1. For segment 115-127, which positions are under 25 Å from D210 (Cα atoms) and either modelled with pLDDT under 95 or crowded, with 16+ Cβ neighbours inside 10 Å (or both)?
2. With K228, K186, K224 as the choices, which residue is surrounded by 14 or more Cβ atoms within 10 Å (Cβ to Cβ) and not assigned by TED's automatic domain parsing to the domain that holds Y120?
3. Given the criteria modelled with pLDDT under 95, under 19 Å from R130 (Cα atoms), assigned to a loop (DSSP other than H, G, I, E, B) and in the same structural domain as Q121 (by TED's automatic domain parsing), does E21 qualify?
4. For segment 128-164, give me the residue count where each residue is within 29 Å of Y30 (Cβ to Cβ), touching an Asp or Glu at 6+ places or on another chain (Cβ under 8 Å) and surrounded by 21 or more Cβ atoms within 10 Å (Cβ to Cβ).
5. Out of the residues in segment 28-59 that are part of a helix (DSSP H, G or I) and of a type in the set (A, V, I, L, M, F, W, C), which is nearest to W103 (Cα to Cα)?
6. Looking only at residues in segment 60-90 that are assigned to a loop (DSSP other than H, G, I, E, B) and in contact with a strand residue (DSSP E or B) (Cβ under 6 Å, 6 or more places away or on another chain), which one is nearest to Y30 (Cα to Cα)?
7. Mind listing whichever residues of segment 115-133 are part of a helix (DSSP H, G or I) and in contact with a Leu (Cβ under 6 Å, 6 or more places away or on another chain)?
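The values are calculated or read from the model by the stated rules, or taken from the named source; none is laboratory data. Note that the coordinates shown come from a computational prediction; the quantities given were computed from them, not determined experimentally. Here the Cβ positions follow ideal geometry from the backbone for every residue, glycine too, while neighbour counts run over all protein chains shown.
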Amino acid sequence: MSAVAPARERLDLFFSSMPIEAKKSLGQHYLVADHVIEKIVSEVDRKKPKKILEIGPGPGALTDILRQKYPDITLIELDSLFAQHWRNRGLKVFEVDALVWDWTLLEDPSEVLLVSNLPYQISSSLVIERSLDIKPISAMILMFQKEVAQRIKAKESTEHYGLLSVIAQVFWNVELVCEAGPRDFKPAPQVASRVLVFQPRREFDIDRRDFLKFMKACFAHRRKLLRKNLETGWLSPHQKGLWTQWIAENKLSENLRGEELRPEDFVELYLYLKRD
């Protein structure tokens, strides 16, 4: 593999030859910290992927390195100038919003590793959408705003715990890769960031989209009792009886709130309520 110049040097060279500026509308903050890039690439190497899918490569802080190690790399890039830049270099590029792209175009998701310095405004939605895939990709290594990363890994009965926490933890094993500060990006955001790695969990065999509807009902109004939230938009008369049974069997209070239950408790409750 040929040597790659430091990320800041590559960024300056890139923008000296391209009429592009970071677009706030697309949440563009370009990663320029080599120590963060090295940790992300090391995590990719540990997964030994056959294929790489990168969202939002931009000027290529990660792409320049990954494409040398993993020739089968595909990019999703919404910015037309960046998309054309990478096409000109022989890479396969889908010029589209990652949230509306047809993910069934992945022939064998189990061979694909997703990596991205995610635009902050799509990060939560992307995690939820990929959690709904019947055939999940092999792993995800993603950069998040610190607060979103905290929500993803939050434990029950803490301030950051909610819908995103449950969905992420039910369908993925999630671990911290590294931290990144504002100075690790150009232009510098006003918040810190974290890189997380996601490995699929396969022990829960449930209707994923229906489970998401259930979870949205559970957290529809955070201050309401869980029973009240479910009665508003979920429980049928038959299920109200099952709810009472489940509460009694688990020695729980009728007055519990959603944030008091663990992710696996929600799966158990959902399956209990779906019984005939």
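1. Scanning segment 115-127 gives Q121, I122, S123, S124, L126, V127.
2. After applying the criteria, what remains is K224.
3. No, not satisfied.
4. Qualifying residue count, segment 128-164: 1.
5. V44
6. It comes out as A61.
7. I122, S124, S125
Yes/no matrix, rows are residues, columns are (1) free of Cβ contacts under 8 Å to residues at least 40 places away in the same chain; (2) among the charged types (D, E, K, R); (3) part of a loop (DSSP other than H, G, I, E, B):
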residue	(1), (2), (3)
S157	no, no, yes
V166	no, no, no
N173	yes, no, no
R183	no, yes, no
V191	no, no, yes
M215	no, no, no
A220	yes, no, yes
